[in-house]
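Everything below concerns the one structure shown next.
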Ligand code: FES
């Protein structure tokens, strides 16, 4: 294969992968997959949680509050593309919310925000929401102890 052919081959392969991801996640999910906002760990968070789903993937959520509202949120996962997209949207949904509003975030809210997920990956949205709820519980228990 010449270098030019090889470049074409790689470009075609990439286009094919992008098309498949667009089909699977819709345009909004696809864009988030390409640009995983809210990814990473937050130093000394006010609330954090780490959950492993039945699938074996682990999700972490980090929250930092100011005046009892989320000022900073992030996710970290070793899981599939769907879990990364779900973690990212869960963190985005958490931004600016107080504890009461945070309790309303469910797997369905995460899913609704993305628009679409492959049927087999619906549990990734639930894992992201469950981890967010755990991070909130962590914040609440630390707050109760009067940190
Ligand atoms: Fe388990 Fe995505 S979080 S397959």
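Taken together, the values in this text are just the output of simple stated rules run on the coordinates, not laboratory data. Values in this document were obtained by computation on a predicted structure and should not be read as measured data. All Cβ positions, glycine included, derive from the backbone under ideal geometry; neighbour counts span all protein chains shown.
Working out 0.36 nm times the residue gap between residue 39 and residue 142, then minus their Cα-Cα distance, what length gain in nm do you get to one decimal?
34.7 nm
Taking the chain as a Gaussian network, where each spring joins two C-alpha atoms under 10 Å apart, which residue of 117, 13, 136 fluctuates the most?
Looking only at 117, 13, 136, the biggest GNM fluctuation is shown by 13.
Please compute the contact order of the stretch 19-94 in relative form: average sequence separation of alpha-carbon pairs under 8 Å and at least six residues apart, divided by the residue count, as a percent.
28 percent
Pick from 129, 49, 90: which residue has the top mean-square fluctuation in a GNM of the chain where Cα pairs under 10 Å get a spring?
49
Please state the relative contact order of the stretch 9-147 as a whole percent: Cα pairs under 8 Å, 6+ residues apart?
27 percent.
Build a GNM of the chain with springs between Cα atoms under 10 Å: which of 47, 26, 56 gets the top mean-square fluctuation?
Taking springs between Cα atoms under 10 Å, the residue moving most is 56.
Return the distance in nm (one decimal) between the two label points of a simple spin-label model at residue 109 and residue 2, each offset 7 Å from Cα along Cα→Cβ.
Label at residue 109, label at residue 2, 5.7 nm between them.
Hey, how many Å between the Cα centroid of the stretch 120-147 and the Cα centroid of the stretch 32-75?
After rounding, the separation between the Cα centres reads 9 Å.
Percent of Cα-Cα pairs more than 15 Å apart in the stretch 49-147, please. Don't skip to the end; give the middle numbers.
Details: 2661 of 4851 pairs.
Result for the distance tail: 55 percent.
Take the Cβ-Cβ distance between residue 80 and residue 12 as r, set R0 to 25 Å, and report the resulting FRET efficiency rounded to the nearest 0.05. Write out the running numbers ahead of the final one.
Values: r = 24 Å, r/R0 = 0.95.
Result of the calculation: an efficiency of 0.55.
Taking Cα atoms, how many degrees apart are the long axis of helix 3-34 and the longest axis of the chain, rounded to 10 and kept between 0 and 90?
The answer is roughly 30 degrees.
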